[in-house]
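Structure record follows, encoded as structure tokens.
All of the numbers you see were taken from the coordinates with simple rules; none came from a lab. The model shown is predicted, which means the values in this text are computed figures rather than measured ones. Virtual Cβ from ideal backbone geometry, glycine too; neighbours counted across all protein chains shown.
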Amino acid sequence: MWSYPAVNDAVGATVFVKHENTQPVGAFKVRGGLTLLDTMSPAERARGTVSWSTGNHAQSLAYASALYGAPCTVVMPAAANPDKAAAVRGRGAEVVLVGDDLEAAQAHAERLAEATAARLVSPGDTVELLAGLGTLYLEVLSAEPDLDAVIVPIGSGTGASAATIVAAELAPGCRVIGVQSESSPAAHDSWRKGELVKRPNRTAVDGLATGRGFEIPQRILRDRLADFLLVSDDQIADAQRLMATSAHTLAEGAGAAALAAVMTRPDLFAGRRVAVICTGGNASQAELATLATR
């Protein structure tokens, strides 16, 4: 976790960047996959896992399964990014491409798990994944216990809910603030309403592209999350550019969303000490092209 003077000058706050883009799969999700496989019995591992994902969760589960010698199948929408599908296959998992969206992929994964007796792993409602992600915030708040806020990008909400649990124990004065793309606000709206809702899923940012709220994260976030902000995809791209030029970091869209919140809300963050979580560095070719041309 590093602080960069050029970033601090640009946003008017003291910003600590937590570099989860340096993880073996290029994203923080690997912590959850490893924790899940570690807690499974040998018999459960032998039956393997089935899940659905468009990217980093899939790579995490594939990576951990390979490490533990367990079969792994990931269902992706038919139009999933081919580079990400190839990365999952490269880690030894079977990739099944089916359906128009994640909802269809989930339904197919559920049928596969029932037919094979493999463990069905929900990207958002699996407590072992949440527990693994908590280690990230243990590191952040052990290193900087006097932060004013930790800003966390939210897709399913597992990372943010883990952050609130750790902060309550280690730094109760630190506010945990979520951020999501305004083009896919299902988690945001679920938290605001206090009930699980579905919303159109139009963001180009894969890691934030969830069309519904997840029960376990939302239950935890309901009384613990200090605030939940929305930013545009264009604002996220601006934050990716600042990360690249001033923090020497290639961040995927979700990995730059927290910094986008700091950039767009000086009323909340100016003069504060905040940590932003660069959740991953798996930027697609389309993202790279956009950053180069804007």
**OP:** At q = 0.20, 0.24, 0.25, 0.26 Å⁻¹, what is the base-10 log of I(q)/I(0) for segment 30-121 according to the Debye formula with one equal point scatterer per Cα and no solvent? Please give it to two decimals.
**Re:** -0.84, -1.18, -1.26, -1.34
Subject >> Helix 158-170 vs. the chain, principal-axis angle (Cα, 0 to 90°, nearest 10) >> reply: 60
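Based solely on its DSSP helices, what 222 nm [θ] is calculated for the chain when runs of n ≥ 4 H residues each add -39,500 (n - 2.57) and the sum is averaged over all residues, nearest 500 deg cm²/dmol?
Taken over the chain, the calculation gives -14500 deg cm²/dmol.
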Original post:
When averaged across all projection directions, what area in nm² does the alpha-carbon convex hull of the chain cover?
Top reply: 13.8
Subject >> Difference of contour (0.36 nm per residue) and Cα-Cα distance, Thr135 to Thr22 >> reply: 39.2 nm
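What is the order of Lys18, Lys198, fewest Cβ neighbours within 10 Å to most? Display every interim value, and only then the final one.
Values: Lys18 24, Lys198 13.
The fewest-first ordering by Cβ neighbours comes to Lys198, Lys18.
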Original post:
Between Ser232 and Ala6, what length comes free when the chain is fully extended (0.36 nm per residue of separation minus the Cα-Cα distance, one decimal in nm)?
Top reply: 79.1 nm
Subject >> Reachable lysines, given that their alpha-carbon falls under 16 Å from the alpha-carbon of Lys84 and they are not under 8 places away in the same chain >> reply: Lys29
Original post:
Out of the DSSP beta bridges found with both residues in the chain, what percent are antiparallel (nearest 5)?
Top reply: 10
**OP:** With viscosity set to 1.002 mPa s and temperature to 20 °C, compute the Stokes-Einstein D of segment 225-294, Rh being the Kirkwood radius across alpha carbon pairs; µm²/s, no decimals.
**Re:** 173
Subject >> Rel. contact order, % - alpha carbon contacts under 8 angstrom, at least six apart, the chain >> reply: 22
Original post:
If you rank Ser142, Ser183, Ser51 by fewest surrounding Cβ atoms within 10 Å, what's the result?
Top reply: Ser142, Ser183, Ser51
